[in-house]
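Below: one structure, written as structure tokens.
Nothing in this text is a laboratory measurement; each read-out follows from the coordinates by a stated rule. As the structure is a computational prediction, the values presented were derived from the model and not from experiment. All Cβ positions, glycine included, derive from the backbone under ideal geometry; neighbour counts span all protein chains shown.
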Amino acid sequence: MSGGALPIAVRELTKRYGQATVLDGVDIDVASGEFLTLLGPSGSGKTTLLMILAGFTRPDAGSLRFGAQEMVRTPPHRRNLGVVFQSYALFPHMDVAGNVGFPLSLRGVSVDERRRRVRTALELVRLDDFGSRRIDQLSGGQRQRVALARAIVFEPGVLLMDEPLSALDKKLREQMQIELRRLHARLGMTVIYVTHDQREALTLSDRIAVIDHGRIQQIDTPRRLYERPGSHFVADFIGDSTFLPVSVIDGVARWQDRVLALADPPAMDGKFLLVIRPEKLAIVGVGAAGGGNRIDAVVEDIVYQGDSLRIDLRLADGAVITLNEPARAARIAALPARGAAVGLVMDPADTLLVPAP
Amino acid sequence: MNVAGLRADAARERAVLAALASPAFLILGGLLFIPAGWLFWLSFYDETGLSLANYRRMVTEPAYLSVFGVTLELSLLVTVLAVCLGYPLAYMIAKLPGRAATICLTLVLVPFWTALLVRTYAWLVLLQRRGILNTLLMKWGLIDQLLALVHNFTGTAIGMLHIMIPFLVLPVYANMRALDHDYMRAAASLGASPASAFWRVYLPLTFPGLAAGTVMVFVICLGFYVTPQFLGGGRVTTVSMKIQQNVTTYVDWGAASALGVVLFVMTAGIFWLASRVLSLRSLTGMQPP
């Protein structure tokens, strides 16, 4: 039921509240049908950006196009966007069908046609027989689905979602993420999604824009963002990373006195940080032969976490890094004891440097 | 284990609560319900003994009918005007940021803290024939003969309206403040113009507060005495004024009591109706104010 997805172009969007600059000249291009997530810590400006896209907040400067049309001064009710709110904002004085039919009745859709489209939208979110339910009779997950059905029933070209899953518990949230992927694949509208949950962003998005201090820090596919972060902030914000200081001289990267093998060496000399991610390390015996970048460490603590084991390791210079081991019986049995000296290996393809801030 | 001791503790807590509440109970029971019950009883008596004469008079004598007519007309007019003026005022205050809202709300509440008689006389100063308003309007050339703004129905309505507005604003404001901004944003995003968002979302969602305020204003208006007495100039007689006349001028406690009973029944009836409507509203998922 796609009514024609629209591309979005944001140019030099700026918003200040008094002295504070919330958005500082933001540029984003979203292809039609793309699922783009705005990811950032709280106060980064991601919600303000979404509110400006929806038309609820007026920017101080900038341009905003949906398709070919300049929208920055268009009031929200003429933007023809679907918006899903964190609070859902379902109208409590209407039943489920009343809520989903509301945008259609505003557009003068006939009663029969409205009934048919409401039914289709509710089927799409798997709430086929819920039309006559009152809102307060629905669970959180069901409300979420009704809010989604209401936002897509009038076939908007763009769907905006403001942390729509944050009120749900973990299991339901993961289930809804899968459903959102399925719906997006089926309907093909352009989606802009705000979250502070990096895993959710990685799961759902075609691309992720990482925002901090009102600026886009990096905009990339989930895999490139995770595996090739462009800055210390992005590497730190996405994934559980530890950083070790590295200097690159004449194209040779050294951590302390060890030379690091890199699949993707930096183009310039200077000070860098080695990004260590818990799942990229493997434990080997001290002095064991084999390739890759080797680090010597002492086991400081081993914590059982159900699906995995978290192993804290202390390096010679006192830095502590963390490693994840899947909790399989054979691996647990083979783990070194606390206090044991071990060797750690990281593949050159997983050995990643970011510029030191 | 310890059953007797725990029970004794619970009993002691109940006894303390009862003791704390007892003064209020005594005052309400002794000073309100007993005299009211006695007046109720009196309303069925006249000089010949037990009779319905006091009630019969209300439907047969035109003077009584007009008293009820005036009271209802005045109460309805003031209630409608209070809604027309109070609802937008509450909306404006609800839209203001915290500090400004507190100041505005305080200004709305000032009438509450001023003596009724003082406010009524203040209106007299403003509205009388050679009062401030008439003088200014004449000076500016907006009118060429003095307006009769007081000692009549108009003056009474103006004075009552001023007193009743806070009673409407407070519940409506509380309702509006509690309303999530996202409802109106959602309505706009779904394509509702500001006007249709108001009629189809905002008004229904603030209806409980509006209904509570409206009922409150109407019911208080039904029993108004001081303002019509001073601003009505003898041309406006409300039920409460008729009651007072019956007691002080005719010393007819039976007639006065019967009027009181009818007024009470009307008030109770309105509350009952309102509670039916409001509970129906909360059944449909709306939050009570």
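Tabulated data for the structure shown
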{"read-out": "Inter-probe distance in nm under a simple model that places probes 7 Å from Cα toward Cβ, at B:TRP199 and A:GLN175", "value": "4.1 nm"}
{"read-out": "Distance between modelled label sites at A:GLU70 and A:ARG58, nm, 7 Å Cα→Cβ extension", "value": "1.6 nm"}
{"read-out": "Solvent-free Debye scattering, log10 I(q)/I(0), computed from the Cα coordinates of the range A:8-232 at q = 0.09, 0.10, 0.11, 0.13 Å⁻¹", "value": "-0.37, -0.45, -0.55, -0.76"}
{"read-out": "Normalised contact order of the range B:53-283, rounded percent, pairs of Cα under 8 Å and 6 or more residues apart", "value": "27 percent"}
{"read-out": "Computed lengthening from A:GLU113 to A:ALA31, 0.36 nm per intervening residue step minus Cα-Cα distance", "value": "26.4 nm"}
{"read-out": "Volume per residue that the Cα convex hull of the protein assembly as shown spans, once the total is divided by residue count, Å³", "value": "298 Å³"}
{"read-out": "Whole-angstrom Cα spans of the range B:23-78 along principal axes, big to small", "value": "43, 39, 10"}
{"read-out": "Relative compactness, the range B:117-189, computed as alpha-carbon Rg over 2.2 N^0.38 Å", "value": "1.72"}
{"read-out": "Rounded FRET efficiency, nearest 0.05, which uses the C-beta distance separating A:GLN19 from A:VAL284 and R0 of 51 Å", "value": "0.40"}
{"read-out": "The range A:46-141: translational diffusion in µm²/s, Stokes-Einstein, Kirkwood Rh over Cα pairs, 4 °C, 1.567 mPa s", "value": "84 µm²/s"}
{"read-out": "Distance (nanometres) between label positions extended 7 Å along Cα→Cβ at B:LEU146 and B:LEU31", "value": "4.4 nm"}
{"read-out": "Loop-resident sites, the range B:216-262, for chymotrypsin sites (Phe, Trp or Tyr not before Pro), counting at most 14 other Cβ within 10 Å (DSSP)", "value": "B:TYR225, B:TYR250"}
{"read-out": "Compactness index (Cα Rg / 2.2 N^0.38 Å), the range A:240-355", "value": "1.09"}
{"read-out": "Hydrodynamic radius by Kirkwood, which averages 1/r over all alpha carbon pairs of chain B, in angstrom", "value": "22.7 Å"}
{"read-out": "Spin-label zone in the range A:242-258 - amide nitrogen under 17 Å from a point set 7 Å from the Cα of A:MET268 along the C-beta vector", "value": "A:246-253"}
{"read-out": "Sorted by Cβ density within 10 Å, fewest first, the residues B:CYS104, B:CYS84, B:CYS221", "value": "B:CYS84, B:CYS104, B:CYS221"}
{"read-out": "For A:ILE216, distant residues with modelled amide H under 5 Å away", "value": "A:ASP27"}
{"read-out": "For the range A:1-63, average projected area of the Cα convex hull in nm²", "value": "4.9 nm²"}
